[in-house]
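Just so you know, all these numbers are worked out from the coordinates, no wet-lab data involved. Worth saying up front: this structure is predicted, and the values here are computed from it rather than measured. Cβ atoms come from the backbone with ideal geometry, glycine included; neighbour counts cover every protein chain shown.
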C-alpha cells in the first residue's frame, strides 16, 4: 500500500454523502434519484445551443485536463455537451486520478453502495475507472491521453502509465507518425517496449505535440526529439510532411507564466526552469515560420494569455497560451482578478476551431449541471461537485445512536489532526490529511440531529 494514498472526505463530500445516504434510508434509492423537475429523475434538460456552421475546410477539436476528484461526473458532461461542436478528437492533458488519495467520485460511489474503498483497492481501480467512466463517455471519438504529475505519484510511475495507456498514446495516428519520423527505430523496437509518453501526430496539416513534463522538467532526450520535430515542421521541403501550424500540449505551464506559482517556474527540480525556458525559446523561434499555440493544465481554473507577463515580453511578443485544468479536479484560486479570460470555480473544456489555412481560434465552454447525462445522474444520485451546495437545505434526519457516536468520534479525530497539522512547515504537498471511514463520515452530518 502506498504511503501517499489517503482516505479523505472533505466537508462538502461528507455533507452530501450523509444527506443522500439518509434520504436513501428513509425513501429508498429510487426516491433519492428522482428530480422535482422531471418525473423520470433526469432533472432539467439543458436547451440545445445553436452552433454556427463551419466554413469549408474548417474543423474542431476539444481539450481539457485535470479530471481527478470529480472527473467521473464532469467528463461525461464534457463528452455529451461537446457533441454539438462535432469535434474530431478530445485531448486530455494529464492528471487522470488523484493517486495520493482516493478520488471523491470513486469514494462517493462506493459509499452509496455501502462499500468501503481501501487504498489498495483504490489504487488497483483508479486508472481502469478513468477508462471506464471518462474515456468511454466519448464513444467512438478519438481520445488522446497525456501524462501529468499525478500519474507518477508512487506506487504509480511513468512506465506503468505507458503500459496502461498504450492504446491511446500509440493509437494508429501516433504510431504511424512515429514510424514516419524514425523508421529504423520502429523496426528495432520490441513488442514489450511501451510507447513513449511524449508524442505527436499531424492532422489536416496541423502538428499536435504532447510534451511530458510530469516530473516538472523535460528530459534531454525529449528536448532533442522536439528540436527535430520543429525543424521538420518549419521546413516545407518534404511534400509528405506539410504543416501549417503547431499546437503544443503539456501538463504544467512553462516558466514565467501568469500562473508561475504552480508551474515549471516554481518547481524545486533543478532542471525544471531551464528545460522549460528552452522549450519556450524553441517555440518562439518556430513562430517566425508558422503559428504556434501552447495549451496546459495543472492549475485548476481557466486562464487565457498566460504568457503575457513582463518577463516573457522581454523575449518578444508572448506566445498564445491557455490553462484549462477544468476537467473535474478540485478548484484553485486564480492568480489574477476574474474576467472573461480568467474563470474560477468552473468545469469545462476548450474548443479549437481551425481555419483552412491553419490558424486556430479557441473558446472556452463551461459545463453546467444540466449537461450531465442521465446515466451519470442515476449513478451518482446527486451532482455534489457541481453548483453551489450551500443552497441545499439541511434536512434533519436522526441517525441511530451507535452511528452518531461513531461519527462524533471520527469528527473529533479529524479536527484534532487538522489542528495538529496547522503551521507545521514539514507538511509536504502529499502530507497525510484528515481521514475517516466511509460509513461514519457519511453520517457525520447527522450528529446534531
Problem - Spatial separation of Cα centroids for segment 258-282 and segment 147-185, in angstrom - result: 23 Å
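Assuming R0 = 35 Å, what is the FRET efficiency of residue 317 and residue 175, from their Cβ-Cβ distance, to the nearest 0.05? Could you put the intermediate results ahead of the total?
On the way: r = 36 Å, r/R0 = 1.03.
Using R0 = 35 Å, I get an efficiency of 0.45.
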Exercise for the section: Subtract the Cα-Cα distance of residue 124 and residue 166 from 0.36 nm times their separation in residues, and report this length gain in nm to one decimal. Expected result: 13.4 nm
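Compute the FRET efficiency between residue 356 and residue 227 as 1/(1 + (r/R0)^6), taking r as their Cβ-Cβ distance and R0 = 25 Å, and round to the nearest 0.05.
Working: r = 29 Å, r/R0 = 1.15.
E(calc), rounded to 0.05, equals 0.30.
Cut-off is 10 Å between beta-carbons; in what order do 378, 60 appear when sorted fewest neighbours first? It would help to have the intermediate numbers written out before the result.
Details: 378 13, 60 19.
Exposure proxy ranking, most exposed first: 378, 60.
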Handout entry: Rg and Dmax [Cα atoms of segment 143-261; Å; Rg one decimal, Dmax integer]
Key = 14.9, 46
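At a 10 Å Cβ-Cβ cut-off, how would you order 133, 241, fewest neighbours first? The partial results should precede the final answer.
Values: 133 20, 241 16.
So the ranking, lowest neighbour count to highest, is 241, 133.
What do you get for Rg/Rh over segment 178-326 if you use C-alpha atoms and the Kirkwood form of Rh? Please list the in-between numbers first.
On the way: Rg = 15.6 Å, Rh = 16.0 Å.
Reported Rg/Rh, Kirkwood definition of Rh: 0.97.
Pairwise over distinct Cα atoms, reciprocal of the mean inverse distance: report the Kirkwood radius of segment 59-378 in Å, one decimal place.
19.9 Å
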Practice task
For each of 218, 89, 108, count neighbouring Cβ atoms within 10 Å of the residue's Cβ, then give the residues from fewest to most.
Solution key: 89, 218, 108
